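K.L.:
The structure under discussion is supplied below as structure tokens; questions concerning it will follow.
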Amino acid sequence: MYPRLNYFRLFLAWSVLAFHSNILIVPIAGMIAVWCFFFISGYLVCTILYGRYQNRHADFVVNRFLRIFPTYWFSLAMGIIMIKINPEAAIAFDSYFFYAPETLNGWMSNLFIFGLQPGSAVVTPAWSLAIELNWYVILFIGSMLPLRWLLLFLSANLILPFIIIYFSTEAIYVGGAGFAFALGALTYHARLTPPKFIQITALISLLITMFIAPIYLGLSAYESNSTGVNYSLLGSVVFIYLAFPWLIKTGKISYWSKLAGEISYPFFLVHMFAIRISMELFDLPRLGWDTLAVSTIISLLLSLLIVKFIENPVAILRKRIRERDNRLSV
């Protein structure tokens, strides 16, 4: 339905890999990419809730479960196996990004995603899935309430990051992530369509904010609470908001666009495993251009396998659920 958005989602997933495999050269691109994912999810979940799944609450829950968990559980199993095979190498790789739960609560959080925080996930990016699932619940409940209540709540979340910045020295990366999700949801309910040159300019500005400005300004994810990082995150969401009409222009979905959309989620989940595989198989450094190149190839191969053997079979079930209401109405 949105061919450009499919390519863009894969680009965002690759940006997270680039961030983790060459953070000295791509200092905050991954952080911005995650917030862009939140924005996109806020919009897409609303299109589902108020579109095909309107008044089909159980089907919505099943659809989201099938979309998130089968691929996630496969990635989780991959991470557990890699840790168990060589736990010393896992810790040496990066103790923050390769976490092995030590408590029942830790294992339950990793199994069901809810409650995960950065540094507490076997699948490193899964903490962002926890935020997404929290917002799925919020938007799900909001879809059953008067719209003005939901819009008021979403609007209040646009203020939250500025409150955090003003009253706290904490980074807004996690605590203020609702800003991106809320703006994405609001975009569905009140979409702005600026002139095309503004859309293109905003998209270019987003790329500059991700890859060029952080180097020029000396920004770093290691100082994620800095003013520069905070406002780069906020600005990037505004840019994708302005560029979004261009990204969601409808058109025919080609084979390559469909494939890009399909592999973006597994690519996002397994990219840290691909980096470690690159290091162990090819004796590459933890950070570097060669690590980025090889781990990109490995991430693509793993993602293609996941799509073929997990996501495609699950997609058949999801399609049956989507079309169930149509069959019942015949």
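K.L.:
Which longest uninterrupted range of the chain lacks any GluC sites (Glu not before Pro) assigned by DSSP to a loop state (not H, G, I, E or B) and surrounded by at most 16 other Cβ atoms within 10 Å?
P.N.:
171-330
K.L.:
While we're on this one: Among His57, His271, what is the fewest-to-most ranking by other Cβ atoms within 10 Å?
P.N.:
Ascending Cβ contact count within 10 Å gives the list His57, His271.
K.L.:
Need one number: the % of Cα-Cα pairs in the chain sitting beyond the 31 Å mark.
P.N.:
31
K.L.:
Continuing with this model, one more query. Which order do Met210, Met108 fall in if you start with the one that has the fewest other Cβ atoms within 10 Å?
P.N.:
With the fewest neighbours first, Met210, Met108 line up as Met108, Met210.
K.L.:
So if I average 1/r over every pair of distinct C-alpha atoms in segment 121-249 and take the inverse, what Kirkwood radius in Å does that give?
P.N.:
16.0
K.L.:
Work out the FRET efficiency for Glu280 and Trp256 from their Cβ-Cβ distance, taking R0 = 30 Å, and round it to the nearest 0.05.
P.N.:
0.45
K.L.:
Taking 21 Å as the cut-off for C-alpha to C-alpha distance, list the pairs among Lys196/Lys249; Lys249/Lys319; Lys258/Lys319 that go past it.
P.N.:
Lys249/Lys319
K.L.:
Under the definition of Cα pairs under 8 Å and six or more residues apart, what whole-number percent is the relative contact order of the chain?
P.N.:
The normalised contact order for the chain reaches 32 percent.
K.L.:
Let me ask you something else. Measuring from centroid to centroid over Cα atoms, what is the spacing of segment 145-195 and segment 227-300 in Å?
P.N.:
Cα centroid of segment 145-195 versus Cα centroid of segment 227-300: 24 Å apart.
K.L.:
Continuing with the same structure: Rg to Rh ratio, segment 2-54, alpha-carbon atoms and Kirkwood radius?
P.N.:
For segment 2-54, the value is 1.13.
K.L.:
Give, rounded to the nearest 20 debye, the magnitude of the charge dipole that segment 3-329 has about its Cα centre when Lys and Arg contribute +1 at Cβ and Asp and Glu contribute -1 at Cβ.
P.N.:
Charge dipole of segment 3-329: 1560 debye, to the nearest 20.
K.L.:
Still on this structure: Helix-only estimate, please: 222 nm mean residue ellipticity of the chain, summing -39500 (n - 2.57) across DSSP H runs of length 4 or more and dividing by its residues, to the nearest 500.
P.N.:
-24500 deg cm²/dmol, from helical runs alone.
K.L.:
Does segment 26-149 classify as rounded, prolate or oblate by the C-alpha gyration tensor (a ≥ b ≥ c root eigenvalues; a/c under 1.5 gives rounded; else a/b over b/c gives prolate, otherwise oblate)?
P.N.:
Cα axes put segment 26-149 in the prolate bin.
K.L.:
Still on this structure: Could you line up Thr193, Thr291, Thr47 from fewest to most neighbouring Cβ atoms inside 10 Å?
P.N.:
With the fewest neighbours first, Thr193, Thr291, Thr47 line up as Thr193, Thr47, Thr291.
K.L.:
Put +1 on the Cβ of each Lys and Arg and -1 on the Cβ of each Asp and Glu in the chain; which of Tyr173, Phe98, Gly235 then has its Cα farthest toward the positive end of the dipole?
P.N.:
The one lying farthest along the dipole's positive direction is Gly235.
Where a number appears in this text, it was derived from the coordinates with a stated rule and is not lab data. Worth saying up front: this structure is predicted, and the values here are computed from it rather than measured. Every residue, glycine as well, gets a Cβ built from its backbone with ideal geometry; the counts of neighbours run over all protein chains shown.
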